[in-house]
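Novice: My questions all concern the structure below.
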Amino acid sequence: MTIAAPELSGTAEDEGPEPTARWTPLQKLGFRLLFTIGGGILVLSVYGNLGLSDLFEPVLWLSAQIGSFLIRGRGIELTVSAGGDLVWMWCYHLGWIVVALLITALWTALDRHRPNYRRLAASLWVFARFGLAMSMITYGMAKAIPTQMGFMALPDRQLQLVGDTSLFNTLWGFMGASEPYSIATGLVELVSGLLLLWNRTWVLGALGSVFAMGQVFLLNMTYDVPVKQVSGELFLIAIAVTAPMWPNLVRVAFNRGTQPAQLWRVLGADRRWLLKTGIVLKFGLASVMTVLIAFQSLVVSSTYKTPTSSLDGVWHATSFTIDGREATLNQVEPAPWPNVAISHRDKVAEFSVMTFVSQTPDGRTSSWTLKIDGDRLELRKRESDPPQQILNVRQPSPDQLVLTGEVDGKRVEGTYERRFMERSQSGFRWIQTEMDPEAAHSRD
């Protein structure tokens with residue numbers, strides 16, 4: 001894609017023919033490596049993460065096989081997962097580096113006499129800036145309209161003990177517990193991405209991206225969030241995009257005057273029609289993608305916030321019988337369920353949250369995907385599995401629930417009442433209530 005050459009207010013950009021500057025062989029070799037390795041990963045990882053991975057699948061597959069044979073001695077299958085940082089993803093990174101080294105060697109042999117790669121470097125910079133902008137808009141919108149971590153407030157996420165919660169879910173729960181904070185962090189990312197699109201505001205957008213992605217990468221590393229690769233790459237790209245301003249940033253740090261930034265012209269900058277086409281494509285693609293992401297986020301957020309029926313909620317048992325006898329705390333097979341949680345939110349057919357969670361007396365939780373058919377609940381560990389548990393449900397009142405069925409070959413019946421979680425009573429307060437300094441957990 002050809003996009004208008006970057007310009008800054010007050011920058012000195014040569015409007016005529018650029019003077020020929022000869023790069024040293026080492027400089028040219030360094031750029032070839034940057035272009036092949038960095039440019040390839042930019043396309044495969046960053047643009048692939050924006051929904052183009054299917055388009056690049058042949059290259060991803062080949063790179064993954066090369067990397068896998070180098071470190072594992074055998075091939076590897078490309079699998080779809082809700083997370084990242086999978087083995088095949090590390091393999092394709094290694095495999096692409098090998099391919100890029102071969103391309104660089106061939107490029108060096110065939111193109112020794114070119115004086116420099118300024119225009120190609122400027123085009124790579126613009127391509128990286130656009131990829132970073134769209135990534136920041138995508139991730140920012142998912143927080144500004146609370147969807148990325150919004151599911152952590154659903155009933156099925158409320159029963160797990162704090163000590164049993166993974167680092168990843170601890171971070172997601174922390175973010176999802178406060179919509180204002182999630183929105184604020186999302187706006188930083190969203191605004192930074194939008195600022196990157198304009199030539200006169202890209203510096204502010206790039207700096208905002210550096211700080212935002214630096215924090216995201218640190219959180220991903222320390223909370224074991226499975227998107228370390230992409231967040232780390234976006235952080236490095238954000239730093240690289242600021243490269244034209246590095247001398248001025250150093251001068252600002254030492255309280256010295258800045259100088260006009262010299263920015264190279266991209267390929268095709270001499271053809272005005274090509275520049276105009278690039279500008280239309282840039283803002284057209286960005287606008288369409290932003291609108292689609294916003295619409296999708298609104299749909300998901302609406303689903304999260306809209307219970308479909310009165311079954312939705314957290315429920316506490318007032319009685320639980322197994323084969324007609326009151327269950328005991330040391331009952332093993334099946335263990336009684338003193339608490340259950342049901343997320344019944346399927347406002348739209350394309351997106352729904354249907355989950356059933358049970359909790360045993362020792363605090364352990366089990367999760368099933370849920371299908372509701374009248375007064376029948378079908379529980380599965382995976383959506384493609386046959387029903388592992390089938391329960392009948394009735395509600396004497398909206399705040400009461402009776403579950404009956406067969407679990408582990410025994411007849412169970414549980415009577416439940418709705419449990420309102422303490423967090424629902426929390427909120428922002430300017431004036432806090434006084435705490436008893438001698439009471440347990442007085443510093444919570």
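Novice: Considering only residues that are among the aliphatic types (A, V, I, L, M) and in contact (Cβ under 8 Å) with a residue 60 or more places away in the chain, look in region 220-251 and name the one that is nearest to N169 (Cα to Cα).
Specialist: The residue in question is V227.
Novice: Hey, could you check region 372-404 for residues that are touching a residue at least 24 places away in the same chain (Cβ under 8 Å) and not in a loop (DSSP other than H, G, I, E, B) and say which is nearest to V353 (Cα to Cα)?
Specialist: The qualifying residue nearest to V353 (Cα to Cα) is I372.
Novice: If you take the residues in region 18-32 that are surrounded by fewer than 18 Cβ atoms within 10 Å (Cβ to Cβ) and within 18 Å of A105 (Cα to Cα), which one is nearest to the chain's Cα centre (by Cα)?
Specialist: Per the stated criteria, the residue is G30.
Novice: Do you know which residues across region 164-189 are small (G, A, S) and assigned to a helix (DSSP H, G or I)?
Specialist: Within region 164-189, G173, G176, A177, S182, A184, G186 qualify.
Novice: Now for a different question. Restricting to region 408-425, count the residues that are surrounded by 16 or more Cβ atoms within 10 Å (Cβ to Cβ) and among the aliphatic types (A, V, I, L, M).
Specialist: 1
Novice: Every residue in region 242-265 that is modelled with pLDDT under 85, of a type outside the set (D, E, K, R) and closer than 18 Å to A122 by Cα, please.
Specialist: P260, A261, Q262, L263, W264
Novice: Filter region 249-276 for residues that are in contact with a Gly (Cβ under 9 Å, 6 or more places away or on another chain) and outside any loop (DSSP other than H, G, I, E, B) and give the result.
Specialist: Scanning region 249-276 gives R251, L274, L275.
Novice: Considering only residues that are of a type in the set (S, T, N, Q) and under 23 Å from the mean Cα position of the chain (by Cα), which ones fall in region 51-92? Steps first, please.
Specialist: First, the residues of region 51-92 that are of a type in the set (S, T, N, Q): 53, 63, 65, 68, 79, 81.
Passing the criteria: S53, T79, S81.
Novice: Which of the residues spanning region 104-125 are under 32 Å from the mean Cα position of the chain (by Cα) and not small (G, A, S)?
Specialist: L120, L124, W125, listed by residue number.
Novice: Restricting attention to region 69-91, and to residues there that are part of a helix (DSSP H, G or I) and out of contact with any Gly (no Cβ under 6 Å at 6 or more places or on another chain), which single residue is nearest to V288 (Cα to Cα)?
Specialist: It comes out as M89.
Novice: Test F130 against the stated conditions and say whether it is surrounded by 18 or more Cβ atoms within 10 Å (Cβ to Cβ), at pLDDT 95 or above, of a type outside the set (A, V, I, L, M) and out of contact with any Leu (no Cβ under 7 Å at 6 or more places or on another chain). If you could, list the steps in order and put the result at the bottom.
Specialist: Working: surrounded by 18 or more Cβ atoms within 10 Å (Cβ to Cβ): yes; at pLDDT 95 or above: yes; of a type outside the set (A, V, I, L, M): yes; out of contact with any Leu (no Cβ under 7 Å at 6 or more places or on another chain): yes.
The answer is yes for F130.
Conditions (1) more than 30 Å from L194 (Cα to Cα); (2) among the hydroxyl-bearing types (S, T, Y); (3) out of contact with any Gly (no Cβ under 7 Å at 6 or more places or on another chain), marked per residue:
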| position | (1), (2), (3) |
| --- | --- |
| V299 | no, no, yes |
| R345 | yes, no, yes |
| T365 | yes, yes, yes |
| D373 | yes, no, yes |
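Novice: If you don't mind, there's one more thing I want to ask. Can you say whether S302 is part of a loop (DSSP other than H, G, I, E, B), small (G, A, S) and surrounded by fewer than 16 Cβ atoms within 10 Å (Cβ to Cβ), as far as the supplied structure shows?
Specialist: Spelling it out, it is not the case that S302 is part of a loop (DSSP other than H, G, I, E, B), small (G, A, S) and surrounded by fewer than 16 Cβ atoms within 10 Å (Cβ to Cβ).
Novice: Could you give me the residue pairs with C-beta distances under 6 Å whose first residue belongs to region 343-370 and is surrounded by fewer than 17 Cβ atoms within 10 Å (Cβ to Cβ), whose second residue is in a strand (DSSP E or B) and of a type in the set (G, A, S) wherever it lies, and which are 6+ apart or on separate chains?
Specialist: Short answer, once both residue conditions are applied: S366/S358.
Novice: For region 260-269, does any single residue satisfy the condition of being at positive phi, surrounded by fewer than 16 Cβ atoms within 10 Å (Cβ to Cβ) and in contact with a helix residue (DSSP H, G or I) (Cβ under 6 Å, 6 or more places away or on another chain)? Full working, then the answer.
Specialist: If we filter region 260-269 for residues that are at positive phi, which is where we start, we get 268.
From what's left, surrounded by fewer than 16 Cβ atoms within 10 Å (Cβ to Cβ): none.
Scanning region 260-269, I find no residue that is at positive phi, surrounded by fewer than 16 Cβ atoms within 10 Å (Cβ to Cβ) and in contact with a helix residue (DSSP H, G or I) (Cβ under 6 Å, 6 or more places away or on another chain), so the answer is no.
The values are calculated or read from the model by the stated rules, or taken from the named source; none is laboratory data. Keep in mind that this is a model prediction, so the values were computed, not measured. Note that we place each Cβ from the backbone using ideal geometry, even for glycine, and neighbour counts take in every protein chain shown.
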